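Since the structure comes first, as structure tokens, the remarks are kept for the end.
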Amino acid sequence: LKNYDYSQAGYYFVTICVHKGQCLLVETAVQEMIQLWWEKLPEKFTAVVLDAFVIMPNHIHFIIVIAHDDGTHPQEVGAHPRVRLEAGQTRGSAPTLGTIVQWFKTMTTNAYIHGVKEQDWQPFPGKLWQRNYYEQIIRDERHLTAVREYIHNNPANWDADKLHPKAPPNSFNVTW
């Protein structure tokens, strides 16, 4: 949303894709590394609460909660369009969703590079992660339940996944 404050308390559904859709996230050691950095997010960003999470062969999905300034979870799920700011402005010291995702991508990229050098993980040309990420502000409890189910069921539905290497190009667009 234009000028939406992505540091405000709320529930966010995020998808991060491997650059060029390469299936680099299949090895157990790679998945363990990604899981480790996922679990470190609340240590780095105290306003972050972890929710659903899944690692797919070429992308990850997760729900992240940004808590209120006092550390409490948002009582209501949903976007509050009235909380809009001037471009670049945030609600004080809270991290933005973009800052959180960028830190996660940086840490996992560095760890993956180490794995390539030390553990013979499959190398990647250029970048590990695709530029940017997909996000949705979770609007209500029904939307939250649907996203959690989607994340939970994603591995079983891999063959039909819009991010599967055999899917038609540019087919990723999850709507609820």
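The values are calculated or read from the model by the stated rules, or taken from the named source; none is laboratory data. As the structure is a prediction and not an experimental result, all values here were calculated from the model. Cβ placement follows ideal geometry from the backbone for every residue including glycine, while neighbour counts extend to all protein chains displayed. Surface areas here come from the heavy atoms of the whole protein model, side chains and all, with no ligands, DNA or RNA. Shrake-Rupley method; radii C 1.70, N 1.55, O 1.52, S 1.80 Å.
Here are the numbers for the structure shown:
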read-out	value
Straight-distance crosslink candidates among lysines, where the alpha carbon sits under 26 Å from K166 and sequence neighbours closer than 8 are dropped	K20, K105, K127
Accessible surface of segment 1-45 [probe 1.4 Å, protein heavy atoms]: carbon and sulfur percent	50
Segment 104-149 - accessible surface per residue (Å², probe 1.4 Å)	62
Cα→Cβ-extended label distance, 7 Å offset, between V26 and Y134, nm	2.1
Convex hull of segment 130-169 built on C-alpha atoms - directionally averaged projected area, nm²	3.7
Estimated vicinal HN-Hα couplings, Hz - segment 127-138 in sequence order (Karplus 6.51, -1.76, 1.60; Gly, Pro = x)	10, 7, 9, 4, 4, 6, 6, 9, 9, 9, 7, 6
